Amino acid sequence: MSIYLTIFLYVLFGFLAGIFGGLGMGGGTLLIPLLTIFCSLDQKLSQGINLVSFLVMALFALIVHYKNGYVKTKGIFYIILSGIIFSALGSLLAGILPSKILRMAFGVFLCVLSIIQVIKVVTK
């Protein structure tokens, strides 16, 4: 793959992940498969790239949502605390597991998420 196509794909995938992340849908749900499938990146590397890009996207999304009054701080301490604890544990687990297992687990997660979303749409 040429360097120009690679750069184009990275920019396109960053754009798409940013849009989905800004909408609150989780840009990583899109970014990780795109990087692993189309750019042939390792699962762990794709997840690492997603985490770094998520920090920037989340900051901007948080500012916009806060200004629009969509952020409530009641009970947020417990969410942040549990998020920090389980993020650390998940990172340790991801560092131990082989990329193949992570890729399969992420695929199962996406399938389950898709089924749940279809059920929600059908039952409305």
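Which condition number does residue 25 fail, the rest of (1) of a type outside the set (Val, Ile, Thr); (2) at pLDDT below 90; (3) farther than 13 Å from residue 103 by Cα; (4) in a helix (DSSP H, G or I) being met?
(4)
Would you pick out the residues in region 90-103 that are hydrophobic (A, V, I, L, M, F, W, C) and either open to solvent by less than 90 Å² (accessible area, probe 1.4 Å) or not in a helix (DSSP H, G or I) (or both)?
Filtering region 90-103 down to residues hydrophobic (A, V, I, L, M, F, W, C) leaves 92-94, 96-97, 101-102.
Across region 90-103, the qualifying residues are 94, 97, 101, 102.
Test each condition in (1) open to solvent by 90 Å² or more (accessible area, probe 1.4 Å); (2) free of Cβ contacts under 8 Å to residues at least 40 places away in the same chain for residue 87 and report the one that comes out false.
(1)
Among the listed residues 51, 62, 41, 30, identify the single one that is more than 11 Å from the chain's Cα centre (by Cα) and part of a helix (DSSP H, G or I). Quick ask: steps written out before the conclusion?
Working: 51 fails: more than 11 Å from the chain's Cα centre (by Cα); 41 fails: part of a helix (DSSP H, G or I); 30 fails: more than 11 Å from the chain's Cα centre (by Cα).
That would be 62, the only listed residue that is more than 11 Å from the chain's Cα centre (by Cα) and part of a helix (DSSP H, G or I).
Considering each of 77, 106 in turn, give the residue that is without any contact (Cβ under 8 Å) to a residue 40 or more places away in the chain, out of contact with any Lys or Arg (no Cβ under 6 Å at 6 or more places or on another chain) and assigned to a helix (DSSP H, G or I).
On the way: 106 fails: without any contact (Cβ under 8 Å) to a residue 40 or more places away in the chain.
Just a single option satisfies the conditions, and that option is 77.
Does residue 50 satisfy the condition of being in contact with a helix residue (DSSP H, G or I) (Cβ under 7 Å, 6 or more places away or on another chain) and among the polar types (S, T, N, Q)? Even if it seems obvious, please write down each step before you answer.
Working: in contact with a helix residue (DSSP H, G or I) (Cβ under 7 Å, 6 or more places away or on another chain): yes; among the polar types (S, T, N, Q): yes.
Spelling it out, residue 50 is indeed in contact with a helix residue (DSSP H, G or I) (Cβ under 7 Å, 6 or more places away or on another chain) and among the polar types (S, T, N, Q).
Could you list all residues from region 41-65 that are open to solvent by 80 Å² or more (accessible area, probe 1.4 Å) and either touching a strand residue (DSSP E or B) at 6+ places or on another chain (Cβ under 6 Å) or modelled with pLDDT of 90 or more (or both)?
45
Looking at (1) among the hydrophobic types (A, V, I, L, M, F, W, C); (2) more than 19 Å from residue 109 (Cβ to Cβ); (3) not in a helix (DSSP H, G or I), find the lone condition where residue 85 falls short.
Going through (1) among the hydrophobic types (A, V, I, L, M, F, W, C); (2) more than 19 Å from residue 109 (Cβ to Cβ); (3) not in a helix (DSSP H, G or I) one by one, residue 85 breaks only (3).
The values are calculated or read from the model by the stated rules, or taken from the named source; none is laboratory data. In this text, all values refer to a predicted model and were calculated from it rather than measured experimentally. Note: ideal-geometry Cβ built from the backbone for every residue, glycine included; neighbour counts use all protein chains shown. Note: accessible area is taken over every heavy atom of the protein model, side chains too, but ligands, DNA and RNA are not part of it. Shrake-Rupley method; radii C 1.70, N 1.55, O 1.52, S 1.80 Å.
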